Amino acid sequence: MTANPTAADRASATFLSIFDDSAPVLVQAPGRVNVIGEHTDYNDGFVLPIALPFTTAIAARPRPDRRVVVESEGFGRAEFRIDDEPRSTEGWARYLHGVAWALTEHLEARADTGSDDPGPGGRIDLPGWDGAIATDIPAGASLSSSAAIEVAATLLFHHLAGSTVELSVPDLARIGQRVENEVMGLPSGLLDQLASAGGRAGHATLIDCRDLSTRAVPFPSSATIVVLDTGTRRELVESEYADRQATCAAAARALGLTSLRDATLDDLDRLAAAAADLPDLDPDVALRRVRHVVTENARTLAAVEAMAAGELGELGRLMIDSHVSLRDDYEVSGPALDAVVEAALECAGCYGARMTGGGFAGGAIALVASDEVESFCSDVTDRYVAPINQPAVAPLRLYPTPPSAGARVVRP
Ligand code: GLA
């Protein structure tokens with residue numbers, strides 16, 4: 001074992017100490033940051049994430065019954081019966097239980113595509129397991145720790161079931177999304193799970209959220225994404241997220257469009273007129289939300305070209321514009337995210353910075369010249385002043401994050 005054991009090392013070691021045996025199966029799934037393309041996934045738009053070098057790992061062995069017994073580093077022991085209703089499981093293990101439910105539904109619907117042997121009535125019975133789980137992904141830092149646990153658990157259950165139904169990256173992502181939407185009650189899009197399941201080392205991935213087609217874009221080695229975790233954590237933002245989604249859906253309906261993916265800046269005047277007749281749609285608010293989505297989609301496509309051409313100044317400029325649009329038009333930034341982005345932009349070697357993920361709190365990212373990452377990190381730490389109106393649970397933490405590989409079964 002290395003001096004700095006990975007999440008996979010730690011999950012395996014915890015398994016050994018708890019179950020007195022080595023785990024035959026090991027899976028891992030990374031967190032993500034989105035370089036650009038924020039709050040566009042649920043509008044059928046474009047996103048450009050990278051998978052992180054931080055993962056969540058589960059070491060496990062099958063059990064003969066349909067129970068899951070799992071020890072989590074830092075969060076203690078959890079147990080559930082697969083046959084119970086997932087929402088009856090409290091705390092973090094609800095993600096695992098939700099995955100068992102969503103994967104079962106997926107496999108039952110797809111039984112005809114593999115040689116899985118469903119029981120009476122097309123029923124698939126996933127096996128239980130003993131396991132240990134460890135993670136390097138800071139929770140609540142906008143790095144998609146929940147998508148990582150969902151994707152890792154889906155791979156694990158699928159592997160232990162010996163299922164021959166193939167799981168594509170979109171399948172893995174949709175299973176995780178169902179857990180978020182239907183078990184956890186968060187109406188999130190597909191960005192996080194797609195990034196965790198489908199990341200590629202050294203690349204960002206352009207995803208068209210309308211048809212889930214992808215393009216891997218080589219990430220220039222002369223630049224590094226640095227995660228700036230402000231240590232602030234989200235509170236009561238799920239309602240804000242749902243509100244943004246509802247406004248976008250209502251604005252698309254008012255414009256006669258399937259989604260805002262098809263909106264253009266020319267639609268803004270039309271929207272003002274259409275929204276005036278809709279009691280639930282404030283025309284000024286709707287206009288700004290739509291303007292963010294339309295301009296963010298354009299920025300994301302432009303960012304792909306800039307990244308592919310190695311035009312780091314242009315890529316950075318697009319990231320800054322994205323932040324301003326999220327702050328002023330979409331109104332999903334927050335005092336700490338704004339302050340850390342401002343501090344980053346004052347530092348030498350920084351091409352651009354923006355909030356990433358859902359927003360309000362947690363982490364931002366900066367695009368930094370690779371040979372200046374070290375001085376950037378000390379500079380930004382000196383310059384960042386934590387806003388007193390948004391208390392943090394931890395001090396600013398910085399993580400340089402090379403684009404890394406997506407989720408996989410590590411063993412056997
Ligand atoms: C959260 C959601 C994603 C996406 C982002 C914003 O991370 O889980 O689906 O909507 O916010 O881009």
Computed FRET value (nearest 0.05) for residue 61 with residue 211, which takes r as the C-beta separation and R₀ as 60 Å: 0.95
Can you tell me, using C-alpha contacts under 8 Å and at least 6 residues apart, the relative contact order of the chain as a whole percent? 23 percent
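If contacts are Cα pairs under 8 angstrom and at least 6 residues apart, what is the relative contact order of the stretch 221-401 in percent?
Once divided by the residue count of the stretch 221-401, the mean separation gives 35 percent.
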Specify the residue with the greatest mean-square fluctuation among 39, 159, 292, computed from a Gaussian network of the chain linking alpha-carbon atoms under 10 Å apart. 159
Run lengths n ≥ 4 of DSSP H only: what is the helix-derived mean residue ellipticity at 222 nm for the chain, with -39500 (n - 2.57) per run over all residues, to the nearest 500? -12000 deg cm²/dmol
Convert 10 °C to kelvin, take the viscosity as 1.306 mPa s, use the Kirkwood radius over C-alpha pairs of the stretch 221-401 as Rh, and evaluate the Stokes-Einstein diffusion coefficient in µm²/s, rounded to a whole number. 92 µm²/s
With R₀ set to 25 angstrom, the calculated FRET efficiency between the beta-carbons of residue 22 and residue 186, to the nearest 0.05, is 0.10
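So what is the relative contact order for the stretch 269-322, in percent, with contacts set as C-alpha pairs under 8 Å and at least six apart?
Value for the stretch 269-322: 22 percent.
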Percent of Cα-Cα pairs per 10 Å bin, from 0 to the last occupied bin, for the chain, please list those. 5, 22, 30, 25, 14, 4, 0
Potential extension, residue 374-residue 392 segment - 0.36 nm per residue separation minus Cα distance: 4.1 nm
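Determine the gain in length on full extension of the stretch residue 272-residue 113; use 0.36 nm per residue of separation and subtract their C-alpha separation, reporting nm with one decimal. List each step's numbers first, then the result.
Values: separation 159, 0.36 × 159 = 57.24 nm, distance 4.83 nm.
Length gained, residue 272 through residue 113: 52.4 nm.
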If you fit an axis through the alpha-carbon atoms of helix 238-254 and take the longest principal axis of the Cα set of the chain, what angle between them do you get, 0 to 90°, nearest 10? 60 degrees
Dipole size in debye (nearest 20) for the stretch 1-93 around its Cα centre, Lys and Arg Cβ +1, Asp and Glu Cβ -1? 200 debye
Cβ charges +1 (Lys, Arg) and -1 (Asp, Glu), total dipole of the chain, debye: 620 debye
Between the stretch 306-367 and the stretch 103-168, how many Å separate their Cα centres? 35 Å
Taking the Cα centre of the stretch 200-320 as origin, sum charge times position over the Cβ atoms of Lys and Arg (+1) and Asp and Glu (-1), and report the length of that vector in debye to the nearest 20. 360 debye
At what distance in angstrom do the alpha carbon centres of the stretch 3-37 and the stretch 65-97 lie from each other? 17 Å
Which residue fluctuates most in the GNM of the chain (Cα springs below 10 Å): 152, 272, 93? 272
GNM on the chain, C-alpha springs below 10 Å: top fluctuator among 34, 389, 181? 389
Binning at 10 Å from 0, report for the stretch 229-297 what percent of all alpha-carbon pair distances ends up in each bin. 20, 50, 20, 10, 1
Unit charges at the beta carbon, dipole of the stretch 221-401: most positive-side option, 323, 398, 377: 398
Based on the alpha carbon coordinates of the stretch 1-128, what radius of gyration and maximum Cα-Cα distance (Dmax) apply, in Å? 17.7, 51
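Every read-out reported here was derived from the displayed coordinates using simple, explicitly stated rules and does not represent laboratory data. Owing to the predicted nature of the structure, the values given are computational and were not obtained by experimental measurement. Positions of Cβ are backbone-derived with ideal geometry, glycine not excepted, and every protein chain shown enters the neighbour counts.
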